[in-house]
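Everything below concerns the one structure shown next.
The values are calculated or read from the model by the stated rules, or taken from the named source; none is laboratory data. Small disclaimer: the values here were computed from a predicted structure and weren't measured. Using ideal geometry, Cβ is built from the backbone for each residue, glycine included, and neighbour counts are taken over all protein chains shown.
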Amino acid sequence: MSVPAWLARGVFRAQEAAMRRPTFAVLAELERTQWLSRSEMLDYQTGHLNVLLQLALAHSPWHADRLQAAGLADAVRAGAVLPSDLARLPTMDKRDARDNVERLVWRGVPGGAFAYTTGGSSGEPLIFHFGRARQAADAAGRLRARRWWGVNPGEREVYLWGAPVELNKTDRIKSLRDRLVNQLLLNAFEMSPARMDDYLQAIRAWNPRAIYGYASSLALLAAHAEARGMRPRLAALRVVSSTGEPLFPHQRELIERVFGVPVSVEYGARDAGLIALQAPDGSLLQMSETHLVEVLDAAGNPAEEGEAVITSLVSAAQPFIRYRTGDVVRRSGRADPGGRGLAVLDAVVGRQTDFIVAADGRIMHALAVIYVLRAIPGVGQFKLIQHAVDRLEVQVVPDARWNDAAREAILHGLRARLGTTLVVDLNLLETIAPEASGKHRYVVSHVPLHGALAQAVA
């Protein structure tokens, strides 16, 4: 049962205040700054960049060394660095962030530094730290984008999601909180046909204003609904928001056909933060107030299409400065047709994630098994290949922490997800080869989905 939107909004505000997250203050700021001119936005970014660099110089020795070596330390102290000056710094990548964590993290950051593990589809787990400013910026950015679509804080939403922290079934307090803020959480890691029938019924009864989830999971649910002859026309629904992976055109068309509303794309990463969101006019608008986005080719030169290199202006707890995301994006020279001063991306070419099929028929987003591997000390890089519903090959490049306990944790974790009869072929390698295309895919399943389900995620 839902609660009135005004009450849900009040509960949400109280929660954020109790957690010392200035989410609603940041939301008000974002709704003001989005209307800055391009030149005003550049000035805004420049000011916040200098604050970030000053904090990094004072509290992050790894970055301090880099700023000194680049001859930027004096300009940082004077607050005179321009965004274009960042090109003097070498880029950093996930390995840099992972291997230098104690020289990167500012543990005394106001509000505290919180550890989080990410791996996504990259196959190289990373423990990073973020502060309250980053949390508030991500939450406020998402709230702002929802308002573009006519969805206000406290209105009913569905989350087709799968991060373990959000899916702890023993946390009854969180379940109650979800309902009090009008959020219905559905497990994207447990999508059997029977479960998807239940999800569709729950969505119809909830009648949400917005649906949010992994692109491929949304497409899978839409395909299942269509195969069942069900097109849940929801009177309140305004938008379906896709995240986590690229949304292919046929998936967008399928989701929009089944749910009868537009699909909005969200682009971000656990480590880099929320980077861009799609407006109703189709523009993919950057979070210009919180991120500087460079697009670089393989040689590290600016390009129209290339790797997204991110400087997060709200990452003081563990600064991400010229951070290589591994995502391929295409920039746009167009201004926002809606008149906002936010920069525009043409597209996120990005990565693709597979599904894993369990022996009992459950269809799991690949992150369900990625979460197992990325949390185990000793796993440097990994790749999982599903050869059959009961056989999984696991390739691991171990690091110095690898031991027998890590091996047992992998076996136990995967069998807990996929069934106790699962055969796991664990291979320790020095390197993991890319695909023939040159791309790295870190979860590959050779177990076919059938019919419309297969078409939804192809």
Note on the stretch 45-62: residues of a type outside the set (A, V, I, L, M, F, W, C) and under 25 Å from the mean Cα position of the chain (by Cα) are GLN45, HIS48, SER60
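Closer than 22 Å to ILE310 by Cβ and in contact with a Phe, Trp or Tyr (Cβ under 8 Å, 6 or more places away or on another chain): does that describe THR33?
Values: closer than 22 Å to ILE310 by Cβ: yes; in contact with a Phe, Trp or Tyr (Cβ under 8 Å, 6 or more places away or on another chain): yes.
Answer is yes for this residue.
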So ASP96, is it free of Cβ contacts under 8 Å to residues at least 60 places away in the same chain and either more than 24 Å from PRO22 (Cα to Cα) or within 22 Å of the chain's Cα centre (by Cα) (or both) | yes
Conditions (1) crowded, with 19+ Cβ neighbours inside 10 Å; (2) at pLDDT below 90; (3) of a type in the set (A, V, I, L, M, F, W, C); (4) touching a strand residue (DSSP E or B) at 6+ places or on another chain (Cβ under 7 Å); number of the one not met by LEU367 = (4)
Looking across the stretch 223-235 at residues that are surrounded by 13 or more Cβ atoms within 10 Å (Cβ to Cβ) and of a type in the set (Gly, Ala, Ser), the single one that is nearest to the chain's Cα centre (by Cα) is ALA223
What pairs come up if the first residue lies in the stretch 34-50 and is of a type in the set (Val, Ile, Thr), the second is in a loop (DSSP other than H, G, I, E, B) and surrounded by fewer than 18 Cβ atoms within 10 Å (Cβ to Cβ), and their beta carbons are under 8 Å apart, counting only those six or more places apart or on different chains?
-> THR46/LEU82
Return the residue satisfying two criteria in turn: it lies in the stretch 71-83 and is aliphatic (A, V, I, L, M) and under 31 Å from the mean Cα position of the chain (by Cα), and of such residues it is surrounded by the fewest Cβ atoms within 10 Å (Cβ to Cβ).
-> LEU82
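From the list GLY326, GLY350, exactly one residue is over 21 Å from LEU49 (Cα atoms), part of a strand (DSSP E or B), in contact with a strand residue (DSSP E or B) (Cβ under 9 Å, 6 or more places away or on another chain) and modelled with pLDDT under 95. Which is it? Break it down into steps so the answer makes sense when it comes.
On the way: GLY350 fails: part of a strand (DSSP E or B).
None of the other options fit; the residue is GLY326.
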Of all the residues that make up the stretch 45-60, how many are farther than 24 Å from ARG107 by Cβ and crowded, with 20+ Cβ neighbours inside 10 Å?
-> 1
Considering the stretch 1-44, residues that are of a type in the set (A, V, I, L, M), over 26 Å from the mean Cα position of the chain (by Cα) and in a loop (DSSP other than H, G, I, E, B), and then whichever is surrounded by the fewest Cβ atoms within 10 Å (Cβ to Cβ), we arrive at MET1
Specify the residue that is modelled with the lowest pLDDT; the eligible residues are those in the stretch 275-312 that are assigned to a loop (DSSP other than H, G, I, E, B) and touching a Leu at 6+ places or on another chain (Cβ under 8 Å).
-> ALA303
Hey, does the stretch 388-398 have a residue that's outside any strand (DSSP E or B) and more than 20 Å from the chain's Cα centre (by Cα)?
-> yes
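Within the stretch 281-308, count every residue that is among the small types (Gly, Ala, Ser) and either surrounded by 15 or more Cβ atoms within 10 Å (Cβ to Cβ) or in contact (Cβ under 8 Å) with a residue 60 or more places away in the chain (or both).
In the first step, residues of the stretch 281-308 are kept if they are among the small types (Gly, Ala, Ser); the result is 282-283, 288, 298-300, 303, 306, 308.
So of that shortlist, the ones also either surrounded by 15 or more Cβ atoms within 10 Å (Cβ to Cβ) or in contact (Cβ under 8 Å) with a residue 60 or more places away in the chain (or both) come out as 283, 288, 300, 303, 306, 308.
Residues meeting the conditions: 6.
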Odd one out for HIS63, checked against (1) surrounded by fewer than 13 Cβ atoms within 10 Å (Cβ to Cβ); (2) in contact (Cβ under 8 Å) with a residue 60 or more places away in the chain | (1)
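If you go through the stretch 155-187 one residue at a time, how many are of a type in the set (Phe, Trp, Tyr) and at pLDDT 90 or above? Break it down stepwise before answering.
Step one: filter the stretch 155-187 for residues of a type in the set (Phe, Trp, Tyr), giving 159, 161.
With the extra rule that they be at pLDDT 90 or above, the set shrinks to 159.
Number of matching residues: 1.
Got a number for residues in the stretch 98-117 being more than 17 Å from ASP399 (Cα to Cα) and modelled with pLDDT under 90?
Of the residues in the stretch 98-117, the ones more than 17 Å from ASP399 (Cα to Cα) are 102-116.
This time we only want the ones that are modelled with pLDDT under 90, so: 116.
The number of residues fulfilling the criteria is 1.
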Residue that is modelled with the highest pLDDT, among those in the stretch 419-458 that are more than 17 Å from GLN395 (Cα to Cα) and surrounded by 14 or more Cβ atoms within 10 Å (Cβ to Cβ) = GLY419
Scan the stretch 240-250 for residues that are farther than 21 Å from ALA269 by Cα and under 21 Å from the mean Cα position of the chain (by Cα) and jot them down.
-> PRO249
